[in-house]
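The values are calculated or read from the model by the stated rules, or taken from the named source; none is laboratory data. This is a predicted model, so every value here is computed, not measured. As a convention, Cβ positions derive from the backbone with ideal geometry for all residues, glycine included, and neighbour counts pool all protein chains shown.
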């Protein structure tokens, strides 16, 4: 493949030739072409999502190369559909006829133009090669983590970083490659934004954590020690989906190494999670986290199904929803009795002597640890900061994959005071780099902060947040989020959603104030 103008165009059945003169003065034909283009892109998206979900859950090891090839072919056809000269001309013509478009159609045109601009300058063969690489590297990572074998994954990370730097150069040659990818995952951000954000958070978290450690008091987790039957844990996971407000008839629950979620339409969502026999709370908070993602995806305006507007607007806003339900709901004292009731249903012998207060204190125990996904709210941003700093070094060329394990160990010792015993619990613990998502990690901390601002806005607008949590019925919270965040899909960026919902721009102060208030109370500081 070379550039799209030099290739044979994929013709959309039943669609007028968008390059033909007859289409130039025919807005109705262009609108029909827009609809057909969207439906074909949707069909590809549906297939790509399904392939990716099965690749991360039920596919056998030998399927990796085959699924990677299928994804590469679909991506190549996406490229030809979206980046052809005819499609570009059609979108430009429609933008010139705003008065004839519905609000939804105008949003579609603008998002398709942005999606097109993001890839049109990247040669198709470069993008498809990257898709093949990340599909293969995911399979390598999965086996490397199982064996704690960084050496086997190392060459793949170097290739992924080099490919991402190359692709960034095509996208925006004058920009810093890491800035390009930060903006890709959260529109409008760059290193300057995240440097300022992490500086503010670090200035609060580090001394607060030091005070917690100095206090010498730690809530006990001993009441949760023991073995928890895996089948019962999966039954608990299904109950947690319903508790959050997900429709079980529209959800598929699968098993995976690293939890994730996705949705093909508002009618069909997927949560892939894992359970640990000796840690039932890991299951609880993984499900609440992924359930937040699924709630976002399945509560987009259903009129956006089969269009480019379907889905969350950014990874930061997505993480705001997952971290909201994991933490602001799931780790609140008011919601603890509801969670405890769900646990008692499936593990009565182990949970009947546990109190709601004990559950609340145990899940909010703040202490340095190894695993990001299991970290408490207070130390969590430091886990993300470590990854952010290492990513900058990789993308700038100041470090290569061979340096990562030591960089990881040194920062965990410096920032969290913990020793990393092996790479499985160190640099191999997360799936993201294997899938070409360098630049994603900062959105976790950003999303946590956005969630704090959304919560504060609900309270300021008169919602009795504590009473709602205590009731166990989350419907009012879901409805507020649906009305102010979820329903817009990709038709609004995060900055616009935050401004419209909160009446102000993003501020990390809500997050830092929340952490200070919560952990000062828990530890009696």
inquiry  = Quick check on my filter: what residues within segment 407-423 are surrounded by fewer than 17 Cβ atoms within 10 Å (Cβ to Cβ) and assigned to a loop (DSSP other than H, G, I, E, B)?
reply    = 417, 418, 419, 421, 422
query = Would segment 50-64 turn up any residue that is crowded, with 17+ Cβ neighbours inside 10 Å, free of Cβ contacts under 8 Å to residues at least 60 places away in the same chain and in a helix (DSSP H, G or I)?
reply = yes
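A quick yes/no check of all residues on (1) modelled with pLDDT under 95; (2) within 22 Å of residue 319 (Cβ to Cβ); (3) assigned by TED's automatic domain parsing to the domain that holds residue 277; (4) touching a helix residue (DSSP H, G or I) at 6+ places or on another chain (Cβ under 9 Å):
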residue: 169; (1), (2), (3), (4): no, no, no, yes
residue: 207; (1), (2), (3), (4): no, no, yes, no
residue: 229; (1), (2), (3), (4): no, no, yes, yes
residue: 234; (1), (2), (3), (4): no, no, yes, yes
residue: 240; (1), (2), (3), (4): no, yes, yes, yes
inquiry  = Please count how many residues of segment 7-33 are under 30 Å from residue 134 (Cβ atoms) and at pLDDT 95 or above.
reply    = 0
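Given the structure, is residue 175 in contact with a helix residue (DSSP H, G or I) (Cβ under 8 Å, 6 or more places away or on another chain) and either assigned by TED's automatic domain parsing to the domain that holds residue 382 or exposed (fewer than 15 other Cβ atoms within 10 Å of the Cβ) (or both)?
Working: in contact with a helix residue (DSSP H, G or I) (Cβ under 8 Å, 6 or more places away or on another chain): yes; either assigned by TED's automatic domain parsing to the domain that holds residue 382 or exposed (fewer than 15 other Cβ atoms within 10 Å of the Cβ) (or both): yes.
Considered against the rule, which asks whether it is in contact with a helix residue (DSSP H, G or I) (Cβ under 8 Å, 6 or more places away or on another chain) and either assigned by TED's automatic domain parsing to the domain that holds residue 382 or exposed (fewer than 15 other Cβ atoms within 10 Å of the Cβ) (or both), residue 175 comes out as yes.
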inquiry  = without any contact (Cβ under 8 Å) to a residue 60 or more places away in the chain and either assigned to a helix (DSSP H, G or I) or closer than 20 Å to residue 32 by Cβ (or both): is that true of residue 78 in this structure?
reply    = yes
ask   = Do any helices (runs of 4 or more DSSP H) entirely within segment 281-379 hold 3 or more residues that are in contact with a strand residue (DSSP E or B) (Cβ under 6 Å, 6 or more places away or on another chain) and either assigned by TED's automatic domain parsing to the domain that holds residue 488 or buried (at least 17 other Cβ atoms within 10 Å of the Cβ) (or both), and if so, which?
value = none
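From 455, 482, 490, which residue is under 20 Å from the mean Cα position of the chain (by Cα), in contact (Cβ under 8 Å) with a residue 40 or more places away in the chain and not in a helix (DSSP H, G or I)? It would help to see each step written out before you state the result.
Numbers: 455 fails: not in a helix (DSSP H, G or I); 482 fails: not in a helix (DSSP H, G or I).
Criteria check complete, one pass: 490.
Yes or no, residue by residue, for (1) at pLDDT 95 or above; (2) surrounded by fewer than 19 Cβ atoms within 10 Å (Cβ to Cβ):
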site: 69; (1), (2): no, yes
site: 73; (1), (2): no, yes
site: 79; (1), (2): no, no
site: 90; (1), (2): yes, no
site: 95; (1), (2): no, yes
site: 99; (1), (2): no, yes
site: 106; (1), (2): yes, yes
site: 109; (1), (2): yes, no
